[in-house]
Amino acid sequence: MIAPDISKSLSDVTFGMLLMSQLACAMALHSKGRRHNLQLMMFRFMLYLIFVSIFEFVYFYLVCPVHSVMTCPLTDILEMSIVPCALLIIIRLTSPLTRQWKLIIPNAVAYYGAFFIFCFTWNMTLYKVILGFTIIYAIGIIVYGVVAVNKFNRRLKMNFSDESLSLYWLKYIMIIYILLLIVWTAATIYISDGMIFIYNILVMTLFSLFCYFVYRQEDMLSALVTINAEAADETAGDVATDDTLSTDAEGSATAQPHNYKFEERFRKAFEDDRIYLRPELNIVELSMAVGTNRTYISNYLNQQLHTPFYEYVNSWRVGRAKDLLTTTDMPLEDVATESGFNSMSSFRRYFTASTGKTPGAYRRENSEQKDS
């Protein structure tokens, strides 16, 4: 057992560390957020967290310093208002074209309405109702997050080859979020400095990782704006459709999955033109290069080649990387760039998933085979 004075000191220290980490994350996101809307949204979220932390500091250290533990129903309700923010960020990451004001307003009314009513009444029934609602809400966010990320990944693989858009990291955030929900619930029921200490450490870890990944994340909204603009150009330019449609007895167009007349140009785009070396290649760019539209390209990939766009393009990149690893002494960073990957981390992750070996291990193994 940790002595009460030590537990109190630890909870105080970790609270200070939490506030400092929030300030550091906010400053980093503000710098990048001047140019990127996704990071700007996260910056505003961090400002809200800082507001909550400052409110708690004022309440527990200046207004009510007699509190032996840094928790009370009033500040708990304020902390509960952070939960909907997690939903808004997940929606912004996975469905960036969705308007969020329809969610922001009712959530703000519900939580701040409860907060101000509790300020005047200290009605514990109200507190228990909002606590139970928040726990159910948080579980719902977790379920929604899993479904939304899976849907997002399917969309990504159908249209983009750029792994910087991937939300692979969100599964780690979800795990910490679940653990945090358990600890936070326990801390509101079994109040102690030890629980507050664990809670502060988890919150600091969760939001530091969240900010780190969001700071590096490319914005799906920007990518969608680009691909929609390219699709509009494709339509305006009346791109050829390659006679991949035939007419049935009633005169309606039907796809002929085994009669793609652009196949030769498609092959040339990859084998001769090496279009896969463009790190941010998307399906509209490919369709325009081939001289057809993205619907036919998508059908061709799925029905004829039995692979999504993302997997097909990156398989060519891995093939190029294998060749460079076995025939040159080029540094791994240059191999990644020369193979069409937009970053070293993307290169390592996809190459390892595809071959079962890291790029370095693959090079060593093939070098040993040559020597023998």
Among the candidates 284, 318, single out the residue that is at pLDDT 95 or above and under 25 Å from the mean Cα position of the chain (by Cα).
318
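Table: residues versus (1) surrounded by fewer than 17 Cβ atoms within 10 Å (Cβ to Cβ); (2) touching a Ser or Thr at 6+ places or on another chain (Cβ under 8 Å); (3) outside the structural domain of residue 336 (by TED's automatic domain parsing).
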{"site": "61", "(1), (2), (3)": "yes, no, yes"}
{"site": "83", "(1), (2), (3)": "no, yes, yes"}
{"site": "98", "(1), (2), (3)": "yes, no, yes"}
{"site": "103", "(1), (2), (3)": "yes, no, yes"}
{"site": "123", "(1), (2), (3)": "yes, no, yes"}
{"site": "151", "(1), (2), (3)": "yes, yes, yes"}
{"site": "156", "(1), (2), (3)": "no, yes, yes"}
Considering every residue within segment 298-312, establish whether at least one is on the phi > 0 side of the Ramachandran plot and surrounded by fewer than 16 Cβ atoms within 10 Å (Cβ to Cβ).
yes
Please determine, by comparing only the residues of segment 160-187 that are surrounded by fewer than 20 Cβ atoms within 10 Å (Cβ to Cβ) and among the polar types (S, T, N, Q), which one is nearest to the chain's Cα centre (by Cα).
164
Test residue 82 against the criterion of being at pLDDT 90 or above, closer than 22 Å to residue 187 by Cβ and among the hydrophobic types (A, V, I, L, M, F, W, C), and give yes or no.
yes
So how many residues does segment 82-100 have that are basic (Lys, Arg) and more than 17 Å from residue 169 (Cα to Cα)?
1
Could you identify the single residue in 285, 338 that is surrounded by fewer than 18 Cβ atoms within 10 Å (Cβ to Cβ) and not polar (S, T, N, Q)?
338
Checklist (1) over 23 Å from residue 354 (Cβ atoms); (2) surrounded by 15 or more Cβ atoms within 10 Å (Cβ to Cβ) applied to residue 264, failing item
(2)
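The values are calculated or read from the model by the stated rules, or taken from the named source; none is laboratory data. Keep in mind that this is a model prediction, so the values were computed, not measured. Don't worry about glycine lacking a Cβ; one is built from the backbone with ideal geometry, like all the others, and counts go over all protein chains shown.
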